[in-house]
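The values are calculated or read from the model by the stated rules, or taken from the named source; none is laboratory data. These numbers come from a predicted model, not from an experiment. Heads up, the Cβs are rebuilt from the backbone with ideal geometry, glycines too, and the neighbour counts pull from every protein chain shown. For the accessible areas, the whole protein counts, side chains as well, though only heavy atoms, and no ligand, DNA or RNA atoms are used. Shrake-Rupley method; radii C 1.70, N 1.55, O 1.52, S 1.80 Å.
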Amino acid sequence: MHVEIIPALTDNYVYLLVDDDHKEAIVIDPSDAAPVLARLSALRLKLTAIWCTHHHPDHVGGIDALRAHLGDLPVWGSAHDFEQKRIPFQTRALSDRDSVVAWNHEGRVMAVPGHTLGAIAYVLPGIVFTGDTLFLAGCGRMFEGTPPMFYASLEKIRALDDQTLIYPGHEYTLKNLEFALTVEPSSVAVQERLERMRVQLDNGFPSPPATLRDEKATNPFLRVHHADVVARVREWGEASSTPAQVFGALRAAKDKFR
Ligand code: ZN
Ligand code: FE
């Protein structure tokens, strides 16, 4: 099993989870059908399912056209989004800890509300698809959740194995690292990662995946317990007595960051 990275729209990433033995693929968050169809045919893969992390158009926009081209594929998403009928053609309603099977690999669903109330992550052996919940060096905007809720979701992802590879929904890594540097200006880990990512992206390579270990070292939203991060939030004059408050202050500051 391996993951194919497909850039789509302006800065979205669509992923193919590929079973090399069967020449089959599952698509995660198809914002757009055309680049997915192109990659499937280039690699001679048969698409067997569509998995969505949440209902936003830039994650589900290609479902209709994929099904028109390839037939009535199963569409998975959260139970919350199923109730709201906000993922087109959704066939399966997933809840936290539900098991998901990709060929002979067993994974599970992780409910990660915050960006949206129905947001889920797909956890497979050594891999997690985090949608707009966790980005590399950042996290999604808090459209529907609350700071304690979003913080708890990130802590769940943070509890995965350090070697887990993170596949996020967008290419926001440089901007996120620039923000991370305002939170921890003297962090060598952030400075080095920013340099490394600039080179990588300049050379036409996407920033994902990253290990959870890298995220723990440089992503301010996974570092809300760290003394330097707490001190920075205090300097901003924001409440910082709980990790959820530190998270909330960071998220608000990121919203204003350009
Ligand atoms: Zn979104
Ligand atoms: Fe998105």
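Within the stretch 176-200, which residues are within 16 Å of ligand 1 (Cβ to nearest atom) and open to solvent by 50 Å² or more (accessible area, probe 1.4 Å)?
Residues satisfying the conditions do not exist here.
Among strands (runs of 3 or more DSSP E) lying entirely in the stretch 79-145, which contain 2 or more residues that are in contact with a strand residue (DSSP E or B) (Cβ under 9 Å, 6 or more places away or on another chain) and within 16 Å of ligand 2 (Cβ to nearest atom)?
120-124, 127-131
When you look at Ala249, is it touching a helix residue (DSSP H, G or I) at 6+ places or on another chain (Cβ under 9 Å) and open to solvent by 40 Å² or more (accessible area, probe 1.4 Å), yes or no?
No: the conditions fail for Ala249.
Identify, please: which residue in the stretch 51-88 is aliphatic (A, V, I, L, M) and within 16 Å of ligand 1 (Cβ to nearest atom) and is, among those, nearest to the chain's Cα centre (by Cα)?
Taking the stretch 51-88 as the starting set, the residues that turn out to be aliphatic (A, V, I, L, M) are 60, 63, 65-66, 68, 70, 73, 75, 79, 87.
After this cut, where a residue has to be within 16 Å of ligand 1 (Cβ to nearest atom) as well, the list is 60, 63, 87.
On the way: Val60: 14, Ile63: 18, Ile87: 17 Å.
Across the stretch 51-88, the extreme among qualifying residues is Val60.
Spot the failing condition for Ala93; the list is (1) open to solvent by 40 Å² or more (accessible area, probe 1.4 Å); (2) free of Cβ contacts under 8 Å to residues at least 24 places away in the same chain; (3) out of contact with any helix residue (DSSP H, G or I) (no Cβ under 7 Å at 6 or more places or on another chain), and only one is missed.
Failed condition: (3).
Residue-by-condition table, conditions (1) in contact with a strand residue (DSSP E or B) (Cβ under 8 Å, 6 or more places away or on another chain); (2) in contact (Cβ under 8 Å) with a residue 12 or more places away in the chain:
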position	(1), (2)
Leu201	no, yes
Pro208	yes, yes
Thr211	yes, yes
Thr218	no, yes
Val224	no, yes
Val246	no, yes
Ala249	no, yes
Lys254	yes, yes
Arg258	no, no
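I'd like to verify a number: residues in the stretch 1-33 that are within 14 Å of ligand 1 (Cβ to nearest atom) and at negative phi, how many?
Residues flagged as within 14 Å of ligand 1 (Cβ to nearest atom) and at negative phi within the stretch 1-33 amount to 9.
Restrict the check to the stretch 221-238 and report whether at least one residue is part of a helix (DSSP H, G or I), open to solvent by less than 40 Å² (accessible area, probe 1.4 Å) and either polar (S, T, N, Q) or within 22 Å of Val123 (Cα to Cα) (or both).
Yes, because at least one residue in the stretch 221-238 is part of a helix (DSSP H, G or I), open to solvent by less than 40 Å² (accessible area, probe 1.4 Å) and either polar (S, T, N, Q) or within 22 Å of Val123 (Cα to Cα) (or both).
Is it the case that some residue within the stretch 102-112 is buried (at least 16 other Cβ atoms within 10 Å of the Cβ) and either of a type in the set (Asp, Glu) or within 18 Å of Asn176 (Cβ to Cβ) (or both)?
Within the stretch 102-112 (the criterion being buried (at least 16 other Cβ atoms within 10 Å of the Cβ) and either of a type in the set (Asp, Glu) or within 18 Å of Asn176 (Cβ to Cβ) (or both)), the answer is yes, since at least one residue qualifies.
Which members of the stretch 99-145 meet the condition of being charged (D, E, K, R) and under 14 Å from the mean Cα position of the chain (by Cα)?
Asp132, Arg141, listed by residue number.
Residues of the stretch 1-57 being under 18 Å from Phe135 (Cβ atoms) and part of a strand (DSSP E or B), which ones?
Val3, Ile5, Ile6, Pro7, Ala8, Asn12, Tyr13, Val14, Tyr15, Ile28
Those residues that are over 16 Å from Leu124 (Cβ atoms) and either of a type in the set (A, V, I, L, M) or within 14 Å of the chain's Cα centre (by Cα) (or both), I need them from the stretch 8-23; list them, please.
Ala8, Leu9, Asp11, Asn12, Tyr13, Val14 - these are the residues of the stretch 8-23 that are over 16 Å from Leu124 (Cβ atoms) and either of a type in the set (A, V, I, L, M) or within 14 Å of the chain's Cα centre (by Cα) (or both).
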